[in-house]
Amino acid sequence: MALPGSGVLTLADIQTEFGGTNPISLSEYYRGGGLVPDSSLNTSVPTSGVISVSDFYGAANVIPINYAQTYAGTINNGTSITIGTARATRWVFIQGLNTASRPTSGTIGGVTMGVIGGTTGNGAKAWMGWAKVPTGTTATVTLNAAGGDACRVSTFDSINSSYSGIYNALTYETYYPTKSVTNSFTVTDPGIVFSSVAANSPTGTSSTLTSTSPGSVTYNFGPVVNRGASGYNITSTTDSRNWTYFSNAGAGFKNNPAQAVMAVFFSAN
């Protein structure tokens with residue numbers, strides 16, 4: 001809950017909002033110093049120097065998700081990407097599809113990234129990687145394998161260092177004209193869920209991604225050479241998302257024995 005925008009404001013009010021120890025000192029409450037998030041809600045709070053109680057009108061111990069897409073293109077080992085304005089709470093998220101060789105480790109701007117991903121039959125692959133990168137407006141991506149033909153980079157804010165992830169590797173031995181997979185998260189407000197699906201022939205242009213959370217799912221890019229699709233949505237309630245795969249005529253899942261379905265949730269606060 002944000003502090004009032006006018007009227008009486010005390011040190012105790014500030015401590016109630018942001019935490020801290022007694023005796024109360026304003027020097028604990030510089031923006032970005034550990035207690036006060038460096039966010040667009042708190043720009044009136046200084047990061048150093050003179051600080052006063054009145055600087056805290058309207059300040060809040062929450063941050064908006066501040067989602068943005070910053071780069072689209074091929075990412076391989078050593079590729080430089082745009083990541084936008086530097087800030088302490090910034091996460092960088094990469095979604096890759098139709099890759100030549102899926103990476104299993106790497107760094108973004110020198111920060112070790114988390115990776116989730118899988119390989120489908122006949123060579124189609126997908127992966128997602130992420131790291132909290134507080135400095136720089138560009139970042140070099142290092143990968144332990146080739147990256148991908150179609151990657152999208154997103155940035156968002158979180159004061160957390162944790163995430164929830166689901167990865168499903170699905171094997172089919174016979175022909176299915178359609179197949180659906182559902183991933184579910186219990187999420188917090190605000191939060192963001194990224195998800196991807198990789199396949200060989202069955203994804204096609206008719207594959208769909210739906211979510212039960214408020215708002216619609218936005219595709220980062222549609223199916224890529226009939227091998228995958230990827231999307232995200234900002235959410236505030238329990239999220240159940242469903243990928244439905246439609247096979248191309250005559251292709252089916254036979255001889256294309258695996259599907260890779262993955263989803264990752266981050267909470268801003």
Report summary line: Counting only residues in the stretch 53-75 that are at pLDDT 95 or above and in contact with a helix residue (DSSP H, G or I) (Cβ under 9 Å, 6 or more places away or on another chain), the one surrounded by the fewest Cβ atoms within 10 Å (Cβ to Cβ) is identified as 53
Query - Test: residue in the stretch 5-27 that is in a loop (DSSP other than H, G, I, E, B), at pLDDT 90 or above, outside the structural domain of residue 232 (by TED's automatic domain parsing) and within 30 Å of residue 107 (Cα to Cα) - result: no
Query raised in the report: List, please: which pairs have Cβ atoms under 6 Å, are six or more places apart or on different chains, and start with a residue in the stretch 29-48 that is touching a residue at least 40 places away in the same chain (Cβ under 8 Å) and on the phi > 0 side of the Ramachandran plot and end with one that is surrounded by fewer than 17 Cβ atoms within 10 Å (Cβ to Cβ) and polar (S, T, N, Q)?
Result: 32/47
Requested in this report: Identify the single condition in (1) closer than 23 Å to residue 89 by Cβ; (2) surrounded by 12 or more Cβ atoms within 10 Å (Cβ to Cβ); (3) more than 31 Å from the chain's Cα centre (by Cα) that residue 5 does not satisfy, given that it satisfies every other one.
Outcome: (2)
Report task. Kindly provide the set of residues from the stretch 53-76 that are more than 17 Å from the chain's Cα centre (by Cα) and either part of a loop (DSSP other than H, G, I, E, B) or of a type in the set (Gly, Ala, Ser) (or both), ordered by number. Result -> 54, 57, 58, 59, 60, 61, 62, 73, 76
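With a cut-off of at least 1 residues that are modelled with pLDDT under 85 and crowded, with 16+ Cβ neighbours inside 10 Å, name the strands (runs of 3 or more DSSP E) lying wholly within the stretch 88-147.
90-97, 114-119, 125-132
The values are calculated or read from the model by the stated rules, or taken from the named source; none is laboratory data. All values reported here derive from a predicted model rather than from experimental measurement. No Cβ is skipped: glycine too gets one built from the backbone with ideal geometry, and neighbour counts run over all protein chains shown.
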